[in-house]
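Data first, discussion second: the structure below is written as structure tokens.
The values are calculated or read from the model by the stated rules, or taken from the named source; none is laboratory data. Since this is a predicted model, take the numbers as computed values, not measurements. So basically every Cβ, Gly included, is an ideal-geometry build from the backbone, and we count neighbours across all protein chains shown.
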Amino acid sequence: MEDVRATYLRFPAWTQHFWTWQTGKALPGQKPLLRHTWASYLAVTLALFLAGLAVSTAAVAAMFPFWYLALPLGWVLTVTGERMMVLVIAHQALHRRFSGRSRLDWFWGEVVTVLSVFHTFRDFKEEHFDNHHRREIFATEADPPVQFLLDLGFRPGLSRRQLWRRAWTVFLSPLFYWRGFLGRVGSNLRSRSWRLAGFGVWLGWWLSLPFWLPNGALVLLLAFVLPVILFAQLSALLDRLGEHEWLGPRNPEFGHRFYTAANTAARYCGAPVPARSMPAGAQVVAWLRWTAATIFYHIPCRLLVVVGDLPSHDYHHRYPSTPEWTTAAYARQRDIDSGPEGPPYEEVWGMGAAIDRVFRAWEGSTAGALSHR
Ligand SMILES: [Zn+2]
Ligand SMILES: [Zn+2]
């Protein structure tokens with residue numbers, strides 16, 4: 001298999017940390033440029049999210065010249081911050097690995113899930129920590145993400161074409177977004193104490209905008225509902241579709257410790273950089289394609305779907321309690337460099353390719369695969 005990350009060595013050494021961030025894969029022996037503490041990670045993430053909301057709100061409220069160009073920028077910041085809050089901060093907090101202090105983890109886990117109108121921290125922990133990370137449940141039909149996908153009509157035994165058609169139907173289905181929204185609000189309404197109060201204040205603030213802010217109703221819709229509710233919902237679906245090879249067989253040789261390895265590959269955002277050896281004409285075409293794919297596909301995927309340490313999700317399942325979650329790409333590579341403790345690592349390049357891999361596996365499996373556990 002081609003070493004895709006090595007093709008990026010065509011670029012100067014000083015750009016390599018950027019490519020590590022963008023693709024999600026570190027170079028052999030590469031050391032992190034920057035090590036976040038939990039507090040600096042939190043500060044950056046909250047700043048992205050709140051700046052996004054502020055940009056979109058100002059754009060729609062003031063409708064300054066070219067406001068419709070500022071609005072998508074606000075969306076990107078909002079969704080990036082929101083998904084990082086859920087998939088990194090709340091996720092590490094529920095593993096009790098965010099700040100290292102359990103009460104503080106719980107506090108920030110609640111705060112970020114209130115701001116993102118996500119399920120409560122407790123519900124998220126139950127779904128992820130108590131189920132997804134359990135050996136008997138992981139990637140089986142009892143795993144909550146699998147149930148979520150089956151519920152949306154994704155089924156093993158369907159052809160790859162049918163599964164992709166299903167995916168597009170769901171992406172465009174108002175019912176999908178509505179049900180997701182009800183699930184998130186319902187989880188919040190079942191909560192108690194200051195979490196419920198915080199949720200009320202946060203939602204109340206946005207719902208009050210039509211009464212006092214210019215274009216307030218439009219602000220509510222375009223700056224809040226669209227990115228925080230709808231786009232985040234789509235992002236979560238795209239993430240889940242390619243997170244693991246759901247319902248796939250396990251490899252008994254991987255033992256108790258690395259049982260997730262057979263169903264989990266790293267998900268990288270990038271494509272092979274055109275080679276120097278290519279003829280000039282072909283190289284021009286290849287560069288145009290590569291540049292367009294990087295700007296319009298891989299970077300958006302990295303910012304909006306496969307955020308934070310998610311490219312190295314395989315490493316997370318091998319070492320769920322690692323304190324190195326801010327530098328997961330480097331930690332994963334170090335494990336490879338030193339001869340991995342577990343089975344060989346696998347990788348997929350491209351968010352869509354990761355989803356396609358799951359669909360191909362499901363196409364091959366018979367409908368009976370559903371009862372494999
Ligand atoms: Zn997982
Ligand atoms: Zn986890």
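What number of residues within the stretch 61-88 are hydrophobic (A, V, I, L, M, F, W, C) and more than 22 Å from Gln22 (Cβ to Cβ)? Reasoning before the result, please.
Going through the stretch 61-88, the residues hydrophobic (A, V, I, L, M, F, W, C) turn out to be 61-64, 66-67, 69-71, 73, 75-77, 79, 84-88.
With more than 22 Å from Gln22 (Cβ to Cβ) added as a condition, the list becomes 61-64, 66-67, 69-71.
The number of residues fulfilling the criteria is 9.
Across the stretch 335-353, which residue is modelled with the lowest pLDDT among those that are small (Gly, Ala, Ser) and within 13 Å of Pro28 (Cβ to Cβ)? Ranking the candidates gives Gly339 first.
Applying the selection to the stretch 29-60, what residues are of a type in the set (S, T, N, Q) and under 28 Å from Gln16 (Cα atoms)? Step through it out loud before you land on a result.
Of the stretch 29-60, the ones of a type in the set (S, T, N, Q) are 30, 37, 40, 45, 56-57.
Scanning the stretch 29-60 gives Gln30, Thr37, Ser40, Thr45.
Condition first: within 16 Å of ligand 2 (Cβ to nearest atom) and hydroxyl-bearing (Ser, Thr, Tyr). Now tell me which residues in the stretch 216-267 satisfy that. The answer is Tyr259, Thr260, Thr264.
Number of residues in the stretch 1-20 that are aromatic (Phe, Trp, Tyr) and without any contact (Cβ under 8 Å) to a residue 12 or more places away in the chain equals 2. In summary, Arg240 fulfils each of the numbered conditions (1) farther than 11 Å from Val305 by Cα; (2) within 12 Å of ligand 1 (Cβ to nearest atom) with the single exception of condition (1).
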